[in-house]
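Chemist: Structure provided below as structure tokens; questions to follow.
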Amino acid sequence: DIPDGGAIAITDDRFDAVVGYLWDNPQGFAGRTVTMTAFVYRRPGWQENHFVAARMLVWCCVADAMVIGVLVDTGESRDVPKDRQWIEIEGTLKVTSQFDAGRTVMQNVPTLVDIRWRPVAPPRRGEYVFPAKAVPEGFAE
């Protein structure tokens, strides 16, 4: 669950759950501040001002890992992180009614705007996150 009011911190141990809540009900969290540590993921063809603040979700093994995260729109800013760069990011959540992701047009997309970011070192665990409370042995911090 996400507490009412205040900032939403997307942490490694609850990354998938919190991101899932944001995707399931973006209108319910619009206007809230969101913080997270993630890497920058851009699909080919995306404009530089759009990327996903992402992690790789592992269900069973690394071979089934998939990108999950929150869309970021830097607006007109020229201060944008590079692809695959690790960042700590904070922004305000808004709902983008439609976003052309390339292979599909997504609707009601949770999107961070008015962002502040800084480069950071990758987490010890790397890019991987696991379903909440299902961290395999050897990945503990």
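The values are calculated or read from the model by the stated rules, or taken from the named source; none is laboratory data. Everything numeric here is computed off the predicted structure, so don't read it as measured data. Here the Cβ is made from the backbone with ideal geometry for all residues, glycine too, and neighbour counts use every protein chain on show. Side chains included, ligands, DNA and RNA excluded: accessible areas come from the protein's heavy atoms. Shrake-Rupley method; radii C 1.70, N 1.55, O 1.52, S 1.80 Å.
Chemist: Under 8 Å for C-alpha pairs, at least 6 residues apart: give me the relative contact order for the chain, rounded to a whole percent. Don't skip to the end; give the middle numbers.
Modeler: Working: 288 pairs, mean separation 39.9, N = 141.
The value is 28 percent.
Chemist: How large is the convex hull of the Cα atoms of segment 55-116 per residue, expressed in Å³ as a whole number?
Modeler: 126
Chemist: Between Cys60 and Thr96, what is the spin-label point distance in nm, taking each point 7 Å from the Cα along the Cα→C-beta axis?
Modeler: Placing both labels 7 Å beyond Cα along the Cβ direction yields 3.2 nm.
Chemist: Next question, about the same structure. How large is the helix-only mean residue ellipticity at 222 nm for the chain, computed as the sum of -39500 (n - 2.57) over DSSP H runs with n ≥ 4, divided by its residue count, in deg cm²/dmol to the nearest 500?
Modeler: On the way: 2 runs with 14 residues, N = 141.
Dividing the helical sum by the residues of the chain leaves -2500 deg cm²/dmol.
Chemist: Only Lys, Arg, Asp and Glu count, each charged at its Cβ (+1, +1, -1, -1), so figure out the dipole size of the chain about its Cα centre, rounded to 20 debye.
Modeler: On the way: 15 positive and 19 negative charges, 56 e Å.
Dipole magnitude for the chain comes out near 260 debye.
Chemist: Ranked highest first by average number of other Cβ atoms within 10 Å, how do 101-111, 80-90 line up?
Modeler: So the order, starting with the most tightly packed, is 80-90, 101-111.
Chemist: Further question on the same structure: Using only alpha carbons, build the gyration tensor for the chain and give me the equivalent ellipsoid semi-axes, biggest first, whole Å.
Modeler: Three semi-axes, in Å: 22, 18, 15.
Chemist: Based on Cβ point charges of +1 for Lys and Arg and -1 for Asp and Glu, what charge dipole magnitude is obtained for segment 19-74 about its Cα centre, in debye rounded to the nearest 20?
Modeler: Its charge dipole is roughly 60 debye.
Chemist: Calculate how large, on average over all directions, the projected area of the Cα convex hull of segment 7-61 is; give the answer in nm² to one decimal.
Modeler: The directionally averaged projection comes out at 5.0 nm².
Chemist: Roll a 1.4 Å probe over the protein chains and send me the accessible area per residue for the chain in Å². Write out the running numbers ahead of the final one.
Modeler: Numbers: 7810 Å² over 141 residues.
The answer is 55 Å² per residue.
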